[in-house]
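Participant: Sending over a structure as structure tokens; questions will come in a sec.
The values are calculated or read from the model by the stated rules, or taken from the named source; none is laboratory data. Fair warning: this is a prediction, and the values are worked out from it, not measured in the lab. Backbone-built Cβ (ideal geometry, glycine too); neighbour counts: all protein chains shown.
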Amino acid sequence: MIQIKQNGQVDASHLDQLHDEYMARRCVVLRELLEPKILAYLQRHIDISHMVTKSEVDGDTEFGKVLFLPESEPALLIFRLLFNNRKFFTLLESITNCTPIGNFFGRIHTSVLGTQHQIEWHGDNTDTRLLGLTIDLGTNDYTGGVFQLRKRSSRQILSEVPRMSAGDAFVFEIAPDLQHRLTMVEGGGPRTVGVGWFRSQPDLGTFAGDYLTFRRAGVAAECLPDS
């Protein structure tokens with residue numbers, strides 16, 4: 001796998017390798033995506049946060065359950081600020097050939113051993129979503145908690161991503177013919193990750209104006225990276 005930095009710095013040969021990996025698997029792993037100091041800062045805010053149980057539903061059907069950070073937690077705002085980054089958008093567009101990315105919207109969640117925390121097959125094909133992201137934000141080793149991506153029609157598994165190191169991430173395609181899921185943690189843990197979606201609409205300026213240009217819990221939202 002290729003090391004990449006979240007500021008978008010990667011040489012042409014590595015970019016070609018990342019592109020080829022994504023085209024083959026509809027998913028690409030990005031090693032050490034967050035710089036250690038930024039990662040540690042985010043982890044400290046997660047450690048003092050309070051998570052709540054959240055069920056994932058499609059209509060009346062529940063397809064998953066994990067622990068989520070509520071909207072009031074500063075760690076969630078920090079996470080969203082970090083990934084609303086135009087340089088990173090441009091890099092992902094080059095790797096994936098997706099249409100222009102307008103914004104990123106994400107969550108932070110945890111899966112705990114023995115609590116039936118898992119997310120069954122689903123597609124995320126809504127809300128102008130183009131790509132999904134998962135980044136490891138935890139400090140604990142675990143087994144299980146595997147991400148899988150498959151073709152909807154044939155059920156062919158295209159990608160599997162097990163335990164990563166803190167700061168590592170993967171990006172996967174969201175499309176009508178694809179589904180993904182998260183298996184249960186089987187040992188160790190908990191598994192703590194940031195997850196989210198790169199969306200085509202609204203554009204970053206509109207998104208920042210509607211959502212990010214305010215202060216919450218002492219965090220300066222107007223310090224949007226590379227906006």
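Participant: Can you pull out every residue in segment 80-100 that is farther than 17 Å from Asp16 by Cα, among the hydrophobic types (A, V, I, L, M, F, W, C) and crowded, with 22+ Cβ neighbours inside 10 Å?
Facilitator: Across segment 80-100, the qualifying residues are Leu82, Phe83.
Participant: Mind listing just one residue for me: the one in segment 129-138 that is closer than 19 Å to Ile95 by Cα and out of contact with any helix residue (DSSP H, G or I) (no Cβ under 9 Å at 6 or more places or on another chain) and, of those, surrounded by the fewest Cβ atoms within 10 Å (Cβ to Cβ)?
Facilitator: Taking segment 129-138 first, the residues closer than 19 Å to Ile95 by Cα are 129-135.
After this cut, where a residue has to be out of contact with any helix residue (DSSP H, G or I) (no Cβ under 9 Å at 6 or more places or on another chain) as well, the list is 129, 132, 134.
Numbers: Arg129: 17, Gly132: 21, Thr134: 22.
That would be Arg129.
Participant: Looking only at segment 55-98, which residues are in contact with a Phe, Trp or Tyr (Cβ under 6 Å, 6 or more places away or on another chain) and either in a strand (DSSP E or B) or without any contact (Cβ under 8 Å) to a residue 40 or more places away in the chain (or both)?
Facilitator: Pass one, segment 55-98, residues in contact with a Phe, Trp or Tyr (Cβ under 6 Å, 6 or more places away or on another chain): 56, 83-84, 95-96.
If the condition is that a residue be in contact with a Phe, Trp or Tyr (Cβ under 6 Å, 6 or more places away or on another chain) and either in a strand (DSSP E or B) or without any contact (Cβ under 8 Å) to a residue 40 or more places away in the chain (or both), then Glu56 is the only one that fits.
Participant: Okay, next question. Out of all the residues in segment 22-54, which are over 18 Å from the mean Cα position of the chain (by Cα) and not in a loop (DSSP other than H, G, I, E, B)?
Facilitator: If we filter segment 22-54 for residues that are over 18 Å from the mean Cα position of the chain (by Cα), which is where we start, we get 23-24, 37, 44, 47-50, 52-53.
Passing the criteria: Met23, Ala24, Lys37, Arg44, Asp47, Val52, Thr53.
Participant: Hey, could you check segment 182-218 for residues that are modelled with pLDDT under 95 and in contact with a Pro (Cβ under 8 Å, 6 or more places away or on another chain) and say which is surrounded by the fewest Cβ atoms within 10 Å (Cβ to Cβ)?
Facilitator: Ranking the qualifying residues of segment 182-218, first place goes to Gly218.
Participant: In addition: Filter segment 27-59 down to residues that are closer than 19 Å to His109 by Cα and among the basic types (Lys, Arg) and give me whichever is modelled with the highest pLDDT.
Facilitator: Checking each candidate, the answer is Arg44.
Participant: I've got another one for you. Only residues that are within 12 Å of the chain's Cα centre (by Cα) and hydrophobic (A, V, I, L, M, F, W, C): list them for segment 158-173, please.
Facilitator: If the condition is that a residue be within 12 Å of the chain's Cα centre (by Cα) and hydrophobic (A, V, I, L, M, F, W, C), then Ala169, Phe170, Val171, Phe172 are the ones that fit.
Participant: Right, here's the next one. Within segment 132-147, which residues are more than 14 Å from the chain's Cα centre (by Cα), closer than 25 Å to Glu35 by Cβ and not hydroxyl-bearing (Ser, Thr, Tyr)?
Facilitator: The answer is Asn140, Asp141, Gly145.
Participant: Within segment 99-110, work out how many residues are among the β-branched types (Val, Ile, Thr) and either modelled with pLDDT under 95 or not in a loop (DSSP other than H, G, I, E, B) (or both). So that I can check it myself, show each step before the final result.
Facilitator: Just the residues of segment 99-110 that are among the β-branched types (Val, Ile, Thr), to begin with: 99, 101, 108, 110.
Narrowing further to those that are either modelled with pLDDT under 95 or not in a loop (DSSP other than H, G, I, E, B) (or both): 108, 110.
Total meeting the criteria: 2.
Participant: Six or more apart or on different chains, Cβ atoms under 8 Å: show the pairs whose first residue is in segment 11-30 and of a type in the set (Ser, Thr, Tyr) and whose second is in a helix (DSSP H, G or I).
Facilitator: Every condition considered, the pairs that remain are Tyr22/Ile95; Tyr22/Thr96.
Participant: Still on this structure, please answer the following. Looking for whichever is under 27 Å from Leu15 (Cβ atoms), more than 15 Å from the chain's Cα centre (by Cα) and of a type outside the set (S, T, N, Q) here; the options are Arg155, Arg150, Arg80, Arg129. Which one fits? Before the answer, list the steps.
Facilitator: On the way: Arg155 fails: under 27 Å from Leu15 (Cβ atoms); Arg80 fails: more than 15 Å from the chain's Cα centre (by Cα); Arg129 fails: more than 15 Å from the chain's Cα centre (by Cα).
From the options Arg155, Arg150, Arg80, Arg129, the qualifying one is Arg150.
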